[in-house]
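Engineer: Let me begin by handing over the structure; questions about it come next.
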There are 2 protein chains.
Amino acid sequence: MNFCSNCAAPVELKIPSGDDRSRYICDSCGSIFYSNPKLVVGCIPEWEEKILLCKRAIEPRRGKWTLPAGYLENEETAAAGARRETLEEAEVILGEIEPYALFDLPFVSQIYFMFRGPMVENRFGSGEESLEVDLFTEAEIPWDEIAFTVIKETLQRYFRDRAAGRGFPFQMGTIFVKPFRGHGG
Amino acid sequence: MNFCSNCAAPVELKIPSGDDRSRYICDSCGSIFYSNPKLVVGCIPEWEEKILLCKRAIEPRRGKWTLPAGYLENEETAAAGARRETLEEAEVILGEIEPYALFDLPFVSQIYFMFRGPMVENRFGSGEESLEVDLFTEAEIPWDEIAFTVIKETLQRYFRDRAAGRGFPFQMGTIFVKPFRGHGG
């Protein structure tokens, strides 16, 4: 950030009075600009004993497998965002979805909030951001080809919970690893 | 947003190629500016059978009671943010906290993520944003003086879950009501 988005004067990075963190401040019009973490919402789409993954058509991690997920938009609920991303990336309509996990990715200032829930029918397709979409049993999961640590962690906890047979208690965790090539989680 | 924060040229609100929503775009340097929901993190601090509330010293809803909560900061985990807000607003050190609820406030593009957990000792005080801080039994909760609908909803579900005696399963909900005087939830 170089210039004030309100009045176009140059901004400075400094701590506002009464605050304890540096923010971009415009001395000309008095605007203070806050930057906050972004929320990524996604889902584990379930069909019978299988779950759905998408092969990424875009960088970062093009060609690797992931769950449908993306940035929550303004005026959208978390569940609506997860349903939208699943429709866009996998052409899948979800039934009732349940909150499943929150993961912190402090190194990229992102929070992932993941749902799980059934596909309404056995139909899916490759959205613009996917090269390929498919259903996988646990044994078929391409563990070495999963795009992001946070997705691998989500899937590991999911299959562990499913095997335990006591439902899906809400999960929380922090991803500490550095991202691949400076992007994503 | 009037000007590009990168190059100071005027921005326009339009749909980028490959997108389906309007964003502020700079035709001069090509920057696209995304605005996304903000995450508010907070906690229900517990001491024996009581919970802690803060009387707000700032607008909106000055003089009304609330739970410690505030915007998550960059590079912070959700739990660390909830602990920081509880320390800042109520001078309380929390023990182990557990995720409890997510509430969508789409009318203000906010997501509240609330924890619950014990205070490490029976000590609290009024931080800069609080006029007063106190512990309340369920019967003492000032229901008509709670600052925000999302906080009232959090407390109602909490006492209902506590009465049921089956632990605190993760809660999710959407607040649809309009905010008071155009602010908060």
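The values are calculated or read from the model by the stated rules, or taken from the named source; none is laboratory data. Worth saying up front: this structure is predicted, and the values here are computed from it rather than measured. Every residue, glycine among them, receives a Cβ derived from its backbone with ideal geometry; neighbour counts consider all protein chains shown.
Engineer: Name the residue, out of A:Pro37, A:Pro68, that is crowded, with 16+ Cβ neighbours inside 10 Å, facing chain B (nearest Cβ under 8 Å) and not aliphatic (A, V, I, L, M).
Structural biologist: Residue meeting the stated conditions: A:Pro37.
Engineer: Given the conditions (1) free of Cβ contacts under 8 Å to residues at least 24 places away in the same chain; (2) within 16 Å of B:Tyr71 (Cβ to Cβ), which single one is not true for B:Glu129?
Structural biologist: (1)
Engineer: Within 21 Å of A:Met114 (Cβ to Cβ), assigned by TED's automatic domain parsing to the domain that holds B:Pro68 and surrounded by fewer than 17 Cβ atoms within 10 Å (Cβ to Cβ): does that describe B:Pro106?
Structural biologist: no
Engineer: On to the next question. Inside segment A:82-101, can you point out the residues that are in contact with a helix residue (DSSP H, G or I) (Cβ under 9 Å, 6 or more places away or on another chain) and within 14 Å of A:Leu72 (Cβ to Cβ)?
Structural biologist: A:Pro99
Engineer: Can you tell me which condition B:Glu76 does not meet? The list is (1) without any contact (Cβ under 8 Å) to a residue 12 or more places away in the chain; (2) crowded, with 19+ Cβ neighbours inside 10 Å; (3) more than 12 Å from every other protein chain (Cβ to nearest Cβ), and all the others hold.
Structural biologist: It is condition (3) that B:Glu76 fails.
Engineer: Touching a strand residue (DSSP E or B) at 6+ places or on another chain (Cβ under 7 Å) and within 14 Å of another protein chain (Cβ to nearest Cβ), is that true of B:Ile97?
Structural biologist: Here the answer is yes, as B:Ile97 does meet what is asked.
Engineer: Does A:Glu48 qualify as being acidic (Asp, Glu) and touching a Phe, Trp or Tyr at 6+ places or on another chain (Cβ under 6 Å)?
Structural biologist: The answer is no for A:Glu48.
Engineer: Report, by residue number, each residue of segment B:5-24 that is surrounded by 18 or more Cβ atoms within 10 Å (Cβ to Cβ) and either more than 7 Å from every other protein chain (Cβ to nearest Cβ) or in contact with a helix residue (DSSP H, G or I) (Cβ under 8 Å, 6 or more places away or on another chain) (or both).
Structural biologist: Scanning segment B:5-24 gives B:Val11, B:Tyr24.
Engineer: So, one more: Quick check on segment B:46-64: of everything there that is more than 26 Å from A:Thr77 (Cα to Cα) and within 14 Å of the chain's Cα centre (by Cα), which residue is farthest from the other protein chains (Cβ to nearest Cβ)?
Structural biologist: Looking at the filtered set, the residue picked out is B:Leu53.
Engineer: Can B:Arg157 be described as touching a strand residue (DSSP E or B) at 6+ places or on another chain (Cβ under 6 Å), crowded, with 21+ Cβ neighbours inside 10 Å, in the same structural domain as B:Glu88 (by TED's automatic domain parsing) and among the charged types (D, E, K, R)?
Structural biologist: When the stated conditions are applied, B:Arg157 does not pass them.
Engineer: Right, next: Among the candidates A:Phe176, A:Phe159, A:Phe107, single out the residue that is in a helix (DSSP H, G or I), of a type outside the set (D, E, K, R) and within 30 Å of B:Gln110 (Cα to Cα).
Structural biologist: From the options A:Phe176, A:Phe159, A:Phe107, the qualifying one is A:Phe107.
Engineer: Related question: From the residues in segment A:108-131 that are among the hydrophobic types (A, V, I, L, M, F, W, C) and more than 13 Å from the chain's Cα centre (by Cα), which one is farthest from A:Phe170 (Cα to Cα)?
Structural biologist: Selected residue: A:Leu131.
For every residue, the table says whether it meets (1) at pLDDT 95 or above; (2) under 21 Å from A:Asn36 (Cβ atoms); (3) assigned to a strand (DSSP E or B).
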site: A:Leu53; (1), (2), (3): yes, no, yes
site: A:Glu59; (1), (2), (3): yes, no, no
site: A:Asn74; (1), (2), (3): yes, yes, no
site: A:Ala80; (1), (2), (3): yes, yes, no
site: A:Arg83; (1), (2), (3): yes, no, no
site: A:Phe113; (1), (2), (3): yes, yes, yes
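Engineer: Would you pick out the residues in segment A:115-151 that are in a helix (DSSP H, G or I) and surrounded by fewer than 18 Cβ atoms within 10 Å (Cβ to Cβ)?
Structural biologist: Answer for segment A:115-151, where residues must be in a helix (DSSP H, G or I) and surrounded by fewer than 18 Cβ atoms within 10 Å (Cβ to Cβ): A:Glu138, A:Ala139, A:Glu140, A:Trp143, A:Asp144, A:Glu145.
Engineer: From the list B:Leu67, B:Leu102, exactly one residue is touching a residue at least 40 places away in the same chain (Cβ under 8 Å), aliphatic (A, V, I, L, M), touching a Cys at 6+ places or on another chain (Cβ under 9 Å) and farther than 30 Å from B:Ala8 by Cβ. Which is it?
Structural biologist: Matching residue, one of B:Leu67, B:Leu102: B:Leu67.
Engineer: Name the residues in segment A:132-165 that are free of Cβ contacts under 8 Å to residues at least 12 places away in the same chain, under 17 Å from the mean Cα position of the chain (by Cα) and under 20 Å from A:Arg62 (Cα atoms), would you?
Structural biologist: Once the filter is applied, which keeps residues that are free of Cβ contacts under 8 Å to residues at least 12 places away in the same chain, under 17 Å from the mean Cα position of the chain (by Cα) and under 20 Å from A:Arg62 (Cα atoms), segment A:132-165 yields only A:Lys152.
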